[in-house]
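All of the numbers you see were taken from the coordinates with simple rules; none came from a lab. Small disclaimer: the values here were computed from a predicted structure and weren't measured. Every residue, glycine as well, gets a Cβ built from its backbone with ideal geometry; the counts of neighbours run over all protein chains shown.
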Amino acid sequence: MMSMRVGIPRALLYYRYFPLWNTFFRELGAQVVVSRPSTRKVLEEGFKFADDDVCIPIKMIFGHVLNIEDKVDYLFIPRLLSDNKTGYCCPMMAGLPEMIKYSMPHLPPILDPFVDERYRGTRLSGALSKVGRKLKYNFLQTRRAYSKAREQFDQFQRRMRDGVSVLDLINAFETNGCFTDEPLTEKEEDGSMKIGVIGHPYNLYDTLFNFDLFKRLKEANASIYTPERIHGHTIDHHLRRLKKDIYWTLGREILGAAFHLLESRVVDGLIYVTCFSCGIDSMIEPLVGFRAKREASPYMALMIDEHTGIGGFVTRLEAFLDTARRRKFNSDDERRTS
Amino acid sequence: MKITVPHCGQMDIFINALCRKIGPDFVIPPKTSPRTLDLGIKYSPESTCLPFKFILGNFIEALEKGADTICMISDHGPCRVGMYDIVMQNILREMGYQFNWITMDDTRILRSYLLKFDRERRKRKVSLVEAIRALLFSWKKMNVCEEMERWTHKMRPYEVDRGETTRVSLECLRLIDGVTDLKELKIAREDALSRLANIEQDRTRQPLKMVITGEGYMVINPHANQDIERRLGEMGVEVTRTMWFTSQIAHAMRLDLLKKRSKSKAIRASKRYLPHNIGGECNASIGYAILYAREAYDGLIQLLPFGCMLESVAKNILRIVSKDYDMPILTFSLAENLSETTITTRLSAFVDLIQRKRKGREK
């Protein structure tokens with residue numbers, strides 16, 4: 001019997017949960033098909049089906065779904081209302097399976113586990129168990145697959161916190177099928193510039209949206225700090241003074257990370273990659289901007305949309321890096337004289 | 001303390017009536033005008049939604065007028081309205097204004113509202129009976145205002161002189177705004193109703209029936225939706241809208257369980273298309289479309305501010321609802337640069353389409 005093929009689009013929460021999903025389905029004996037990395041063409045295919053009101057990462061997932069729809073028996077598009085005890089995901093992700101189902105013809109059946117971590121009956125483990133049962137696996141099999149998946153996911157998160165770049169991790173995971181212990185990043189040089197890069201993971205790590213931002217930063221000899229590197233406690237600590245409950249899980253992570261990076265003077269400059277018409281970014285970005293202004297730290301918000309070209313991007317990045325470098329040079333100078 | 005709130009439906013009438021009886025001074029922000037929106041756009045982050053810009057404009061104008069305390073609702077939902085308060089505070093402080101800020105939290109609605117209310121009451125040495133009476137009076141007054149508005153929606157397609165209903169209803173609203181106790185309110189209501197009934201009508205017409213749904217702020221506020229109800233009425237359409245200021249509060253306080261077209265019923269009806277309630281008014285919009293399609297309404301108009309996360313999900317699903325129930329649906333995604341001509345052109349095309357559809361059915 002040919003094993004079942006489950007398709008996972010390389011978009012949105014792929015960049016956060018892929019090790020978990022992949023291990024889960026592989027342990028069950030299914031074959032996981034991931035769509036090809038984003039290109040301009042994938043995005044343009046997405047435009048044809050996506051509504052014009054949604055943000056560009058959602059349009060992107062339409063393209064990715066189109067990329068794999070005829071190669072799989074099932075599409076895996078989880079419905080994440082909340083992936084945290086207190087927080088919400090973006091509401092568009094909660095309605096995503098419907099948006100895709102009703103806009104595109106001839107789709108294979110969609111597996112859409114409903115995840116709402118706030119309530120007992122809808123936790124991730126239970127939701128994935130239901131998926132397993134739908135695919136005719138028994139309780140024990142799904143349970144075992146989930147615990148294996150969780151193991152890999154925990155390791156993924158730990159390595160991210162150690163400062164390994166998410167893209168390297170995911171690439172290594174895709175080729176090996178699991179995480180190995182070999183170190184993936186070079187040791188940071190002491191005198192190098194430190195740049196914080198924040199934003200939603202699906203904007204930061206998508207190859208089309210980030211214009212090789214990480215490679216460019218590395219070429220400029222900068223070490224990179226992303227929200228994944230910052231510990232949950234630190235984020236909580238920095239948001240406590242805000243006296244406001246930031247209820248979006250991702251938004252909370254971004255804001256907390258930004259506050260930590262700015263206030264503790266960890267970085268010499270901060271880049272926020274936002275996307276046009278993102279509701280969460282539109283509220284979080286001003287807060288980060290105000291704080292950066294108060295801390296007098298170099299700060300740049302890069303907004304991506306359908307028309308973003310590489311020219312403008314590179315120019316702005318270079319100017320920003322120059323500012324950050326000059327600032328670092330000056331502050332090092334001050335420290336030396338005092 | 002000079003308190004202010006943003007314009008939202010008839011809320012200013014409610015707060016005004018309440019404050020006049022027992023509360024602190026109330027500064028009504030100047031009527032929302034193009035200047036309000038310009039101010040809002042100038043100081044808001046670029047990609048926030050339209051309600052943010054209107055409300056920020058209201059606050060700036062109210063602060064200019066001398067308000068020193070701002071009252072703003074909040075939420076813990078997935079919609080970004082819950083973050084308005086903190087972002088707005090930052091913006092206004094950055095602009096150099098000094099003010100106090102009161103956040104009205106939606107989740108613990110009864111407890112926190114009543115506690116705040118009670119504290120204020122005791123500080124002002126108002127007796128409990130008097131306070132409750134004032135609260136009920138303000139609530140009734142707002143209800144009467146909304147009843148007037150409902151009547152105007154019904155009358156407008158029949159009026160012989162275009163624009164007369166609008167003129168009369170403005171007079172009526174002024175009349176009601178002036179009353180100070182229940183007895184006067186009753187008289188004013190009857191007076192207003194008779195004035196509306198005296199408008200010259202042509203009852204031979206058969207107006208189309210349409211329903212307006214979508215994001216709350218856009219549906220409730222004529223200044224945000226470019227007066228879509230009046231425009232439709234004057235094209236000969238009887239308009240119903242799904243959301244009122246009172247109905248929103250009634251839903252939040254679980255008072256609408258027995259109503260025929262309550263929000264909870266709509267949410268239940270939407271389960272076929274969107275099995276989980278994802279928050280905001282997304283499920284309600286879908287549900288209302290189904291409920292009104294079953295009542296043989298001719299069309300539905302969905303209003304959303306551009307980039308609204310929840311309503312754009314609803315927008316996608318409404319396309320299928322429209323097909324399944326054979327009900328035309330027009331979606332307006334409103335941004336600050338939408339011109340009057342765009343609205344009228346699209347509306348009249350939509351009305352034409354439905355009229356032709358009805359004629360085809362009659363044959």
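So what J values fall out for the range B:82-89 if you push phi through Karplus, 6.51 cos²θ - 1.76 cosθ + 1.60 with θ = phi - 60°, rounded to Hz, Gly and Pro as x?
Ordered by residue, 3J(HN,Hα) equals x, 9, 3, 4, 6, 5, 5, 4 Hz.
Per 20 Å bin, what percent of the C-alpha pairs of chain B does each bin hold, from zero upward?
Here the calculated profile for chain B is 27, 60, 13, 0.
For the range B:265-306, what is the relative contact order in percent, using Cα pairs closer than 8 Å and at least 6 residues apart in sequence?
Relative contact order, the range B:265-306: 40 percent.
Please express the shape of the range B:100-193 as an equivalent ellipsoid: the semi-axes are the square roots of 5 times the eigenvalues of the C-alpha gyration tensor, given largest first in whole angstrom.
34, 17, 10
Can you tell me the Rg and the Dmax, both Å, for the Cα atoms in the range A:1-57?
13.9, 43
Among B:G214, A:T274, A:Y225, whose Cα lies farthest out toward the positive end of the dipole of the protein assembly as shown, if unit charges sit on the beta carbon of Lys, Arg (+1) and Asp, Glu (-1)?
Result: B:G214, furthest along the dipole toward the positive end.
Taking H placed 1.01 Å from N in the peptide plane, check which residues at least 5 places from A:R5 or on another chain put their amide H under 5 Å from its amide H.
Close amide H contacts, sequence-distant or interchain: A:Q31, A:D73, A:Y74.
Skipping prolines and chain starts, which residues have an amide H placed within reach, meaning under 5 Å, of the one on B:I22, given they are 5 or more residues away or on another chain?
The list, which skips near neighbours in sequence, is empty: none.
Sort B:H276, A:H233 by Cβ crowding within 10 Å, fewest neighbours at the top.
Going from sparsest to densest Cβ surroundings: A:H233, B:H276.
Hey, can you grab everything whose amide H is under 5 Å from the amide H of A:L111? Only 5+ residues off in sequence or another chain; H modelled, so Pro and N-termini drop out.
The answer is A:L75, A:F76, A:I77.
Give me the inter-chain shielding for B:38-47: mean count of other chain Cβ atoms within 10 Å, whole number please.
Mean shielding by partner chains, rounded to a whole number: 3.
When the scattering of chain A is computed by the Debye formula from its Cα atoms alone, each counted once and equally, what is log10 I(q)/I(0) at q = 0.07, 0.08, 0.11 Å⁻¹?
Debye intensities relative to I(0), on a log10 scale: -0.30, -0.39, -0.74.
Label points 7 Å out from Cα along the Cβ direction at B:E94 and A:R123: separation in nm?
Placing both labels 7 Å along Cα→Cβ, they lie 4.1 nm apart.
Tell me, in nm to one decimal, what length is gained between A:R161 and A:D305 on full extension, where the rule is 0.36 nm per residue of separation less the Cα-Cα distance?
48.9 nm
Looking only at chain B, where both bridge partners belong to it, what percent of the DSSP beta bridges are antiparallel (to the nearest 5)?
Of the beta bridges lying entirely in chain B, close to 5 percent run antiparallel.
If I model a spin label as a point 7 Å beyond the Cα along the Cα-Cβ vector, how far apart are those points for B:L353 and A:R133 in nm?
Each label point is offset 7 Å from its Cα along the Cβ direction, giving 4.3 nm.
What is the gain in length, in nm to one decimal, between A:E44 and A:Q31 on full extension, counting 0.36 nm per residue of separation less the C-alpha to C-alpha distance?
1.9 nm
Mind listing the Cα extents of the range B:2-126 along all three principal axes, in Å, largest one first?
Answer, in whole Å and largest first: 44, 32, 27 Å.
Excluding residues fewer than 8 places away in the same chain, name every one of the lysines whose C-alpha is closer than 18 Å to that of A:K328.
Excluding near neighbours in sequence, the set is A:K194, A:K218, A:K293.
Which three semi-axes in whole Å describe the equivalent ellipsoid of the range A:218-338, each the square root of 5 times a Cα gyration tensor eigenvalue, listed largest first?
On the way: eigenvalues 114, 92, 27 Å².
That gives 24, 21, 12 Å for the three semi-axes.
Eigenvalues of the Cα gyration tensor times 5, then square-rooted: what semi-axes does that give for the protein assembly as shown, in whole angstrom, largest first?
The equivalent ellipsoid of the protein assembly as shown has semi-axes of 47, 33, 23 Å.
Looking at the protein assembly as shown, what % of its DSSP beta bridges pair antiparallel, to the nearest 5?
Antiparallel: roughly 0 percent of the beta bridges in the protein assembly as shown.
³J(HN,Hα) across the range A:88-98 via Karplus (A = 6.51, B = -1.76, C = 1.60, θ = phi - 60°), whole Hz, x for Gly/Pro?
After applying 6.51 cos²θ - 1.76 cosθ + 1.60, I find 10, 8, 5, x, 5, 6, 6, x, 4, x, 5 Hz.
Can you classify the range A:1-155 as rounded, prolate or oblate using the Cα gyration tensor, where a ≥ b ≥ c are the square roots of its eigenvalues, rounded means a/c under 1.5, and otherwise it's prolate if a/b beats b/c and oblate if not? Walk me through the numbers on the way to the answer.
Numbers: a/c = 1.83, a/b = 1.31, b/c = 1.40.
Verdict is oblate for the range A:1-155.
Given a cut-off of under 8 Å on Cα pairs at least six residues apart, what relative contact order in percent is computed for chain A?
It comes to 16 percent, rounded to a whole number.
Mind giving me the FRET efficiency for B:L115 and B:D25? R0 is 30 Å, r the Cβ-Cβ distance, nearest 0.05 is fine.
Numbers: r = 22 Å, r/R0 = 0.72.
Computed FRET efficiency for B:L115 and B:D25 comes out at 0.90.
Would you work out the charge dipole size for chain A about its Cα centre, treating the Cβ of every Lys and Arg as +1 and the Cβ of every Asp and Glu as -1, and quote it to the nearest 20 debye?
980
The range A:261-279 to the range B:37-90: how many Å between their Cα centroids?
Going from one Cα centre to the other spans 23 Å.
Counting only Cα, what are the radius of gyration and maximum Cα-Cα distance Dmax of the range B:207-363, in Å?
Here Rg and the maximum Cα pair distance are 15.0, 48 Å.
Please list, or write none, the aspartates and glutamates whose alpha carbon is within less than 18 Å of the alpha carbon of B:K141, excluding same-chain residues fewer than 8 places away.
B:D12, B:E130, B:E149, B:E171, B:D177, B:D181, B:E184, B:E190, B:D191
I need the phi-derived Karplus couplings for the range A:114-131: 6.51 cos²θ - 1.76 cosθ + 1.60, θ = phi - 60°, integer Hz, Gly and Pro marked x.
Those phi angles translate into 8, 10, 9, 5, 6, 10, 4, x, 10, 5, 4, 4, x, 5, 5, 4, 4, 4 Hz.
How much FRET efficiency would the formula 1/(1 + (r/R0)^6) give for A:K215 and A:N330, where r is the Cβ-Cβ distance and R0 is 30 Å, rounded to 0.05?
About 0.65, to the nearest 0.05.
Just tell me which lysines come within less than 29 Å, Cα to Cα, of B:K363; anything on the same chain fewer than 8 places away is out.
B:K154, B:K209, B:K323
Given a Förster radius of 41 Å and the C-beta distance between A:T323 and A:R5 as r, what FRET efficiency does 1/(1 + (r/R0)^6) yield to the nearest 0.05?
FRET efficiency, A:T323 to A:R5: 0.25.
Normalised by the number of residues in the range B:268-363, what is the relative contact order in percent for Cα pairs under 8 Å and 6+ residues apart? Don't skip to the end; give the middle numbers.
Numbers: 90 pairs, mean separation 24.8, N = 96.
The value is 26 percent.
Quick one: which of B:K31/B:K357; B:K260/B:K315; A:K41/A:K244; A:K71/B:K357; B:K53/B:K183 span more than 31 angstrom between C-alpha atoms?
Result: B:K31/B:K357; A:K41/A:K244; A:K71/B:K357; B:K53/B:K183 exceed 31 Å.
Suppose each label sits 7 Å from its Cα in the direction of the beta carbon; what would the A:N171-B:D38 distance come out to in nanometres?
So the label points at A:N171 and B:D38 sit 5.2 nm apart.
To the nearest whole number, what is the average tally of beta carbon atoms from other chains within 10 Å of the beta carbons of peptide B:311-322? Before the final figure, lay out the partial values.
Values: counts 2, 12, 12, 3, 5, 14, 6, 1, 3, 4, 1, 0.
Counting Cβ atoms of other protein chains within 10 Å of each residue's Cβ and averaging gives 5.
Show that you can apply the helix-only estimate: for chain B, add -39,500 (n - 2.57) for every DSSP H stretch of four or more residues, divide by all residues, and state [θ] at 222 nm to the nearest 500.
The helix contribution divided over chain B gives -18000 deg cm²/dmol.
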